[in-house]
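Everything below concerns the one structure shown next.
The values are calculated or read from the model by the stated rules, or taken from the named source; none is laboratory data. Since the structure is predicted, the reported quantities are computational estimates derived from the model, not experimental observations. Here Cβ is always computed from backbone atoms with ideal geometry, including for glycine, and neighbour counts include all displayed protein chains.
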Amino acid sequence: MNRIAYGPVPSRRLGRSLGINNIPPKYCSYSCIYCQLGRTENMLKDRRRFYGPEKVFSDVEAQVRSVEEMGDRIDHLTFVPDGEPTLDIDLGKEIEMVKKLGYPVAVITNSSLLGDEIVREELSGADLVSVKVDSVYEKIWKKVNRPHGSIKLKDIKDGLTDLSRSFKGSLITETMLVKGVNDSKEQAGKTADFIRKLDPKIAYITVPIRPPAEEMVEVPSDDTILKVIREYSSRRIRVEALTDREYGDFTHTGDVKDDILAVTSVHPMREDSVREMLERSGDKWELIEKMLEMGEISRKEYGGVNFYRRIFW
């Protein structure tokens with residue numbers, strides 16, 4: 001069974017984030033062209049039970065205790081799985097349970113199910129929710145996010161608006177820019193107009209820094225990114241561009257192979273980060289070569305850097 005809790009890992013938004021992988025690979029309502037985990041194999045819109053709240057809580061509690069014993073820091077417990085976390089019908093109960101561990105709880109969602117009032121109610125238990133808004137144009141949204149056929153953009157936008165009005169925690173937005181697809185001045189202006197209505201604590205502009213699902217995906221130029229930022233800033237939106245890698249250690253909690261598999265099932269790792277983890281654990285690079293040989297992980301060069309990702313099929 002896929003390990004549910006992993007990390008903490010360095011997060012550009014959340015500090016030291018202990019990840020909660022509450023969805024098996026790869027059940028999602030989107031198959032984004034830039035997804036670092038590849039194309040969606042199990043396209044799904046209807047919510048269902050996966051692991052169950054007791055199993056999720058047990059794994060998270062064990063990981064938290066292990067990290068605490070090591071003296072490492074946890075800033076957030078974050079639902080950021082292989083797929084879309086809100087597909088888990090037990091999400092509300094799981095948020096309630098892991099909050100008892102004493103750390104702020106975050107959920108990173110693609111926003112696709114926010115038209116469902118029950119989903120919005122469940123998210124209300126979190127301390128922070130990050131929502132995806134890659135485009136407000138139907139044609140571009142479908143091109144970038146490749147949603148399940150029954151999902152409607154209008155429902156998402158209405159759900160985002162309702163969530164922004166009712167949510168008491170920190171609401172942040174994330175927009176992934178893809179060169180030549182959703183990075184024009186017109187696109188940025190319309191997206192910023194909508195995000196302004198949501199009044200997020202901060203709006204993040206991101207770019208694909210890890211190997212994407214589709215080869216055609218490219219990072220926009222620095223000049224384009226600056227122009228997008230100006231569109232947001234001119235609307236008095238607090239905006240921040242996340243265009244560099246995360247810096248910081250990936251926590252090693254015991255079996256380094258197990259840790260690498262747990263992290264790379266959700267978060268492809270740069271080679272320098274893998275080497276740093278091995279150095280701290282006292283293991284040799286031969287372990288990675290053996291994992292590659294056994295077909296447990298893959299290696300892919302992107303932007304002049306080797307990335308490692310877990311293989312499930």
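The table that follows gives values for the structure above.
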| item | result |
| --- | --- |
| Failed criterion for SER265 (all others in (1) within 24 Å of ASN110 (Cβ to Cβ); (2) at pLDDT 90 or above hold) | (2) |
| Members of the stretch 73-104 that are modelled with pLDDT of 95 or more, of a type in the set (A, V, I, L, M), surrounded by fewer than 23 Cβ atoms within 10 Å (Cβ to Cβ) and not in a helix (DSSP H, G or I) | ILE89 |
| So SER150, is it surrounded by fewer than 22 Cβ atoms within 10 Å (Cβ to Cβ), of a type outside the set (A, V, I, L, M, F, W, C), in a helix (DSSP H, G or I) and touching a Lys or Arg at 6+ places or on another chain (Cβ under 8 Å) | no |
| Top-ranked residue of the stretch 168-190 - restricted to ones that are in contact (Cβ under 8 Å) with a residue 24 or more places away in the chain, within 17 Å of SER234 (Cβ to Cβ) and out of contact with any strand residue (DSSP E or B) (no Cβ under 9 Å at 6 or more places or on another chain), ranked as surrounded by the most Cβ atoms within 10 Å (Cβ to Cβ) | ASP183 |
| Residue in the stretch 81-101 that is within 16 Å of the chain's Cα centre (by Cα), among the acidic types (Asp, Glu) and more than 26 Å from ASP162 (Cβ to Cβ) present | yes |
| The stretch 30-70, residues that are crowded, with 19+ Cβ neighbours inside 10 Å, of a type in the set (A, V, I, L, M) and touching a residue at least 60 places away in the same chain (Cβ under 8 Å) | ILE33, LEU37, VAL67 |
| Residues of the stretch 187-236 that turn out to be in a strand (DSSP E or B) and of a type in the set (Val, Ile, Thr), as a count | 3 |
| Selection from the stretch 37-60 of residues that are closer than 20 Å to LEU261 by Cβ and of a type outside the set (Ser, Thr, Tyr) | LEU37, GLY38, GLU41, ASN42, PHE50, LYS55, VAL56, ASP59, VAL60 |
| Residue identified as surrounded by fewer than 13 Cβ atoms within 10 Å (Cβ to Cβ), acidic (Asp, Glu) and over 22 Å from VAL266 (Cβ atoms) among ASP155, ASP222, ASP193 | ASP222 |
| Subset of the stretch 42-61 [within 10 Å of TYR30 (Cα to Cα) and outside any strand (DSSP E or B)] | LEU44, LYS45 |
